[in-house]
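Okay, so here's the structure we're looking at.
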């Protein structure tokens with residue numbers, strides 16, 4: 001009997017996870033609210049000086065009771081951990097995979113000039129697709145005008161619902177830190193002062209890439225004979241890590257069940273989501289059109305069927321949707337592009353890690369739509385120059401954005417501040433889109449990963465490095481180690 005394809009297994013896991021969450025929420029037991037904890041009333045003291053006298057200001061913060069449902073508590077305790085372990089496993093092998101595959105790819109080139117050509121093409125194509133995404137987002141949001149459908153009452157309700165929300169506060173604080181950084185801070189952040197420390201933190205992916213490129217080029221410069229022992233080590237490490245990817249993917253259908261069930265039972269109020277449906281629909285339409293654009297480019301340049309492309313990359317897309325993290329999905333993206341599409345390792349090992357770090361087409365499109373939507377909803381006029389500023393700022397912000405869940409909202413704050421958006425309205429702006437941010441984050445991450453795979457294919461084709469797929473299964477050598 002033929003084994004069911006991985007992407008169908010993952011789709012079944014996603015569907016049953018969503019269904020499980022919905023059923024759990026609609027049972028009398030699951031929908032029952034329980035108290036998580038109560039924050040007692042607090043008296044905050046603030047001191048100021050006026051006319052030489054110290055004045056004490058009292059601010060009373062009322063007691064808050066935080067509740068959840070029994071369904072959410074059950075899923076959090078007994079289901080979500082399996083999804084978390086899966087994502088942790090993918091993150092565990094991300095750095096070793098980037099290090100081994102990138103060093104192997106560069107050392108296999110045997111010519112620094114080839115690496116330079118590949119690097120320039122990769123960066124230029126990534127910039128080009130990001131500009132297309134931002135422009136598409138601006139065109140759609142101006143044509144459809146989703147902000148006009150948001151009433152003042154809805155804005156007030158959303159602001160009250162998310163007032164003081166820790167998620168919004170943390171995004172504002174992170175954006176403030178990035179704003180205060182110097183113009184060359186992104187370049188400085190690429191260069192590690194400690195390679196081991198860089199490899200211990202997945203958010204420092206650019207530093208790992210820098211170190212791997214530096215080491216790979218240095219290996220080329222000392223000659224093939226002297227570099228051979230180190231090259232053999234990284235070649236072997238690369239094979240081992242790819243086998244780990246195969247083993248981890250065996251659990252993918254069960255993991256996405258856990259991840260999607262968690263998303264469903266922790267979702268915001270459906271009435272709030274309905275109020276933002278027009279805005280969310282505009283973003284989703286833009287993201288779908290971006291995937292159509294990728295498929296069209298793939299068909300015209302790589303000369304292969306878009307359906308073939310989508311079929312090969314589907315498991316990576318579905319994992320990107322489930323995890324909301326292109327960095328966590330990177331090991332799977334590399335495995336699908338190399339083994340199932342035929343892109344040679346020396347291309348994929350450079351293009352894909354760089355893409356997971358700097359290519360945020362889906363997120364950039366979302367920035368454009370969200371920024372204009374917020375201004376439309378709050379009655380703030382945007383001139384053409386302001387919209388051009390959005391294009392430039394979203395492009396630059398995407399390069400420095402972390403490939404993790406929620407990074408898009410940090411980018412949005414930076415984009416809004418670039419067009420002189422009133423700072424006192426920033427919490428209101430984030431509250432407007434916070435309710436639908438998670439599902440949109442899942443979708444835009446899917447687009448980010450699809451864009452990475454598209455660009456890897458284009459670069460490989462342009463360099464004559466697009467060959468025939470060669471799939472390695474997890475049990476290819478099992479008979480050699482079992483009696």
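Structure notes:
- Among residues of segment 448-476, those that are crowded, with 24+ Cβ neighbours inside 10 Å and within 20 Å of residue 252 (Cβ to Cβ), counted: 5
- One residue alone among 94, 100, 72 is at pLDDT 55 or above, in a helix (DSSP H, G or I), more than 19 Å from the chain's Cα centre (by Cα) and under 30 Å from residue 195 (Cβ atoms), and that residue is 100.
- The condition (being outside any loop (DSSP other than H, G, I, E, B) and at pLDDT 85 or above) is satisfied by just one residue among 398, 349: 349.
- Qualifying residue in segment 124-135 (condition: over 23 Å from the mean Cα position of the chain (by Cα), modelled with pLDDT of 85 or more, surrounded by fewer than 22 Cβ atoms within 10 Å (Cβ to Cβ) and not in a loop (DSSP other than H, G, I, E, B)): no
- Test result for residue 431, surrounded by 12 or more Cβ atoms within 10 Å (Cβ to Cβ), in contact with a strand residue (DSSP E or B) (Cβ under 6 Å, 6 or more places away or on another chain) and part of a helix (DSSP H, G or I): no
Table: residues versus (1) surrounded by fewer than 22 Cβ atoms within 10 Å (Cβ to Cβ); (2) in contact with a helix residue (DSSP H, G or I) (Cβ under 6 Å, 6 or more places away or on another chain).
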position	(1), (2)
256	no, yes
292	yes, no
298	no, yes
302	yes, yes
310	yes, no
321	no, yes
328	no, yes
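- When 228, 274 are screened for being out of contact with any helix residue (DSSP H, G or I) (no Cβ under 9 Å at 6 or more places or on another chain) and at pLDDT below 90, only 274 passes.
- Qualifying residue in segment 361-381 (condition: free of Cβ contacts under 8 Å to residues at least 40 places away in the same chain, more than 30 Å from residue 96 (Cα to Cα) and either out of contact with any helix residue (DSSP H, G or I) (no Cβ under 8 Å at 6 or more places or on another chain) or surrounded by fewer than 24 Cβ atoms within 10 Å (Cβ to Cβ) (or both)): yes
- When residues of segment 335-351 are limited to those that are closer than 17 Å to residue 99 by Cα and out of contact with any strand residue (DSSP E or B) (no Cβ under 9 Å at 6 or more places or on another chain), the one surrounded by the fewest Cβ atoms within 10 Å (Cβ to Cβ): 345
- Residue within segment 26-43 that is more than 38 Å from the chain's Cα centre (by Cα), in a strand (DSSP E or B), over 30 Å from residue 313 (Cβ atoms) and at pLDDT below 75 present: yes
- Residue pairs meeting the criteria (Cβ under 7 Å; at least 6 apart or on separate chains; first touching a residue at least 12 places away in the same chain (Cβ under 8 Å), in segment 469-483; second part of a loop (DSSP other than H, G, I, E, B)): 469/342; 474/250
- Residues of segment 434-468 that turn out to be touching a strand residue (DSSP E or B) at 6+ places or on another chain (Cβ under 9 Å) and either outside any helix (DSSP H, G or I) or free of Cβ contacts under 8 Å to residues at least 12 places away in the same chain (or both), as a count: 3
The values are calculated or read from the model by the stated rules, or taken from the named source; none is laboratory data. Owing to the predicted nature of the structure, the values given are computational and were not obtained by experimental measurement. In this analysis, Cβ positions are derived from the backbone assuming ideal geometry, glycine residues included, and neighbour counts consider all displayed protein chains.
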